[in-house]
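Written out below as structure tokens is the structure these notes cover.
The values are calculated or read from the model by the stated rules, or taken from the named source; none is laboratory data. Keep in mind the model is a prediction, meaning the values are calculated, not measured. With ideal geometry, Cβ positions are generated from the backbone for all residues, glycine too; neighbour counts draw on all protein chains shown.
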Amino acid sequence: MCSEKQEVTSLDKNFTLSCVDSIIQLDILTLDCAKKMLGTKSYWTSYKAGKLAVCQGAWSTAAFIFEHIHTMVQSTSCSHWLKSLAQLSHSEKQTQSFFIPNRGTSIINHSTIKGDPFVPSELNVGKREGIFWKINQCNYIENLISACNSLCSAEETLGDSGMGLLFGFQRWFLSLRAKLLASVVDIMKLLNTTSLVQYSSNPAGQGERTVPVSGLSFLQRLSSLVDSFTEVSRRMNKLTREFDLFVTSFIGMDRQSAIIVSALALSCSLMAFSAGFVFLIPKLQHSENYNTFNSECLEEPFHALLLEDLVGRLRQIDGATRTSLLFLMKSFGKSKSCFSPRLRNQISDSYETRLMLKLCDQAVVRIVALQNEASWIQGVEGMSQTINDGSQLLLKIISQCILIPFRTPKHFFQVRPHVTSELFMMNEDGKQVDGVSVFSGSPLSLSLCLQLRNMPAGPPFRLTKLFCILNCTTSSQITTEMGENKRQNHLGSQDMVDLNEQLVDYVTGSTRSSRMHCGGNIGDCIVNQYVHFELNARSQGFSTCLLDVSSFPVGSYRIKWHSCCIDSGGSYWSLLPLNAGPVLTIQDCKIVSVVS
């Protein structure tokens, strides 16, 4: 039994280290060159070397270069740009050094200069297991928090540059990376509390476990712990979906950049899956004394959603992994998610994806083995041992995900406005209006104009299809005056992610052109309408549609929207909205008026 448990919780510790060693050797070599270039004041050459270092994951070199040249420029925008690169490099250098035992120290020492602000104060990362891990765990967490803060500072630096949409890609990417590290921090903090639910029949003070607790108290604590991990898993699943939106939102992104972003999405999906499944104990779930709050998870089979998301990203999996996934899918059924995997970004070949696929193979097999073992446990002591095994396994999976060398997409250095869209509503005279009122119990007829901004000119890019989704819910009642047309929500908002997924589903042909149904809230009515546009030479599209709001009560509602296009190569692109949708007012009278 002991050897079986070792097999369950063991992951190949060395399967990423060859790539890590290659990156470190590259970092040492390029750092020497960077010192020579800066010594001769070759700043432009140094910038190009720093750009290459960022794209290759040589973070010590990148941090060294950008920290020294960002003060050399006169332009405010250039200064903000270089400072953000220094903050990004500092963050990734911290993350890399702390998760590479006995390897990060050499490059850090090699890069040390007087007054270098990028040298972490704690270099002894110790071991990841046993008492050494317990001693250094707070150092790991604090280091990741510091790295996350550096990423947030980099995003804020670009936001303060006053360059508007020029840094749209960069700011969103930094935000995504910061959210990912913050979720890892949350998981590690929770792993630090698993000892609080350990059950022991030994007298207090004997052994490594906590003082004895009653069986009921143990189940209550375990329930709370599983709820917390499920919540983090849910947030990481949402973050994975935001990565999907991100990678389709920048027309013209090069293939290699898309591969790097898709690998990050796969990493996030695996961590969400692992955090959601590793503590599932079949017997425990049916216990009368074990209740989880997870009200959101009751609305849909959440664990089935985690499974489908991971499977949808895996195309090259071995027989054992496929068998394990099929076993889980039979147990958890299907989710209610409408997101079709057919347009999900395919994982292509790169060293990140090769490492991630291998890690996925190992993690899935180990988690299923742990589930099988948990089905035979007896009593709370057996459950406690399963929690301990699950904690070790989750820690190894998370550590390996972070250990995989991280590179920045080349598109990060494409500083230019991205393609966006604006939606306008028109009256019968063809004039733009911001709102419309309609009599209660009547449908709403709309005349729409979709305007694309910053469209690339000429070949090879050409649009063949243009779509938009309109969404209105009774729970989105507002008090805003109709004449006020606010700007759209920030990039990557949950509404934007959800609407984009519904558009993907519509484009693949699995959703009807219009739909009205009850939402998650009791009594909430949701109306969706899909609109097709024909684009003219001025990058404008015009169309009409009927929005069935006849069941809506009196009040004002914001119509949410999102658009997409299909290019001549069949690729799907999300078009980020620049403005909020029009305001719909349901009036308790028979007069229909249009307010301009």
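Quick one: which residue in Ser269, Ser249, Ser287 is of a type in the set (Gly, Ala, Ser), outside any helix (DSSP H, G or I) and either at pLDDT 85 or above or not assigned by TED's automatic domain parsing to the domain that holds Thr386 (or both)? Working first, answer last.
Numbers: Ser269 fails: outside any helix (DSSP H, G or I); Ser287 fails: either at pLDDT 85 or above or not assigned by TED's automatic domain parsing to the domain that holds Thr386 (or both).
Testing whether each residue is of a type in the set (Gly, Ala, Ser), outside any helix (DSSP H, G or I) and either at pLDDT 85 or above or not assigned by TED's automatic domain parsing to the domain that holds Thr386 (or both) leaves just Ser249.
Listed here are the residues, each with its yes/no results for (1) without any contact (Cβ under 8 Å) to a residue 12 or more places away in the chain; (2) surrounded by 16 or more Cβ atoms within 10 Å (Cβ to Cβ); (3) under 35 Å from the mean Cα position of the chain (by Cα).
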site	(1), (2), (3)
Ala537	yes, no, no
Asp548	no, yes, yes
Pro553	no, no, no
Trp573	no, yes, yes
Leu576	no, yes, yes
Val583	no, yes, yes
Review point. Residues of the stretch 44-59 being assigned to a helix (DSSP H, G or I) and either at pLDDT below 90 or under 13 Å from Arg407 (Cα atoms) (or both), which ones?
Key: Gly50, Lys51, Leu52, Ala53, Val54, Cys55, Gln56, Trp59
Practice item. Would you check if Phe279 is at pLDDT 65 or above and under 18 Å from Val365 (Cβ atoms)? Key: yes
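Does His532 count as assigned to a strand (DSSP E or B) and at pLDDT below 90? Write out each step before concluding.
Working: assigned to a strand (DSSP E or B): yes; at pLDDT below 90: no.
No: the conditions fail for His532.
Could you list all residues from the stretch 555-570 that are assigned to a loop (DSSP other than H, G, I, E, B) and surrounded by 14 or more Cβ atoms within 10 Å (Cβ to Cβ)?
Kept after step one, since they are assigned to a loop (DSSP other than H, G, I, E, B), are these residues of the stretch 555-570: 559, 568-570.
If the condition is that a residue be assigned to a loop (DSSP other than H, G, I, E, B) and surrounded by 14 or more Cβ atoms within 10 Å (Cβ to Cβ), then Ile559 is the only one that fits.
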Point to revise | Residue selected from the stretch 398-416 under the condition surrounded by fewer than 19 Cβ atoms within 10 Å (Cβ to Cβ) and among the charged types (D, E, K, R), by the criterion farthest from Ala86 (Cα to Cα) | key: Arg416
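Condition test on Leu191, is it buried (at least 18 other Cβ atoms within 10 Å of the Cβ) and farther than 22 Å from Lys93 by Cβ? Full working, then the answer.
On the way: buried (at least 18 other Cβ atoms within 10 Å of the Cβ): yes; farther than 22 Å from Lys93 by Cβ: yes.
So Leu191 fits the description; yes.
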